[in-house]
Amino acid sequence: MAKAIGYDIDNVLKPTFQLGLDLINRNYGTKYILEDFTKATYEESFNMSQEAVDAIFSQAYEEGLLLKLKPIKGAKRVVNKYHKYLDQYFVTA
């Protein structure tokens, strides 16, 4: 039986939550920090519409910010360690 591991990209491999907060703060003049992210979504944590959150991540994509994110400390080491032993997949929702 083949063995595999799946990695979530958001805040497991790359700090996408912080990027989202940085853009929200820049666009709306707020000063949120990661500890303010207390619910499951940006919409719930910051009382934002789905359209506003979509616009934030569209902006991140258009400005190339998602590609510029550096991996979270230790993420690269873990991926490299297990690539010899397991099939690897990237998952996100």
Per-residue ³J(HN,Hα) for the stretch 58-68, Karplus 6.51 cos²θ - 1.76 cosθ + 1.60, θ = phi - 60°, Hz, x for Gly and Pro:
5, 4, 4, 5, 4, 8, x, 6, 5, 6, 7
First compute the accessible area of the stretch 38-78 with a 1.4 Å probe, then give the percent of it belonging to carbon and sulfur atoms.
57 percent
In Å², what does the accessible area per residue of the chain work out to with a 1.4 Å probe?
74 Å²
Please turn the phi angles of the stretch 14-28 into ³J(HN,Hα) values with the Karplus equation 6.51 cos²θ - 1.76 cosθ + 1.60 (θ = phi - 60°), one per residue in order, whole Hz, x for glycine and proline.
9, x, 5, 4, 5, 4, x, 5, 4, 6, 4, 4, 5, 7, 10
Return the FRET efficiency for the residue pair Ile5, Lys70: r is the Cβ-Cβ distance, R0 is 25 Å, and the value is rounded to the nearest 0.05.
0.70
Calculate, in nm to one decimal, what Tyr28 and Ser58 gain on full extension: separation in residues at 0.36 nm each, minus their alpha carbon distance.
9.2 nm
Pseudo-spin-label distance Asp87 to Glu51, built 7 Å along Cα→Cβ, given in nm, is 4.2 nm
Which value, in Å² rounded to 10, gives the accessible area of Tyr32 with a 1.4 Å probe and all protein chains present?
70 Å²
FRET efficiency for Thr38 and Val78, using Cβ-Cβ distance with R0 set to 25 Å, rounded to 0.05
0.40
Overall dimensions of the chain by Cα: Rg and Dmax, Å:
15.5, 52
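Tally Lys/Arg at +1 and Asp/Glu at -1 over every other residue whose Cβ is under 15 Å from the Cβ of Gly64; what's the total?
On the way: positive: Lys14, Lys68, Lys70; negative: Asp22, Glu62, Glu63.
Around Gly64, the surrounding residues sum to 0.
The values are calculated or read from the model by the stated rules, or taken from the named source; none is laboratory data. This one's a predicted model, so the numbers in the text were calculated from it and none came from an experiment. Backbone-built Cβ (ideal geometry, glycine too); neighbour counts: all protein chains shown. Accessible surface areas use protein heavy atoms only, side chains included; no ligands, DNA or RNA. Shrake-Rupley method; radii C 1.70, N 1.55, O 1.52, S 1.80 Å.
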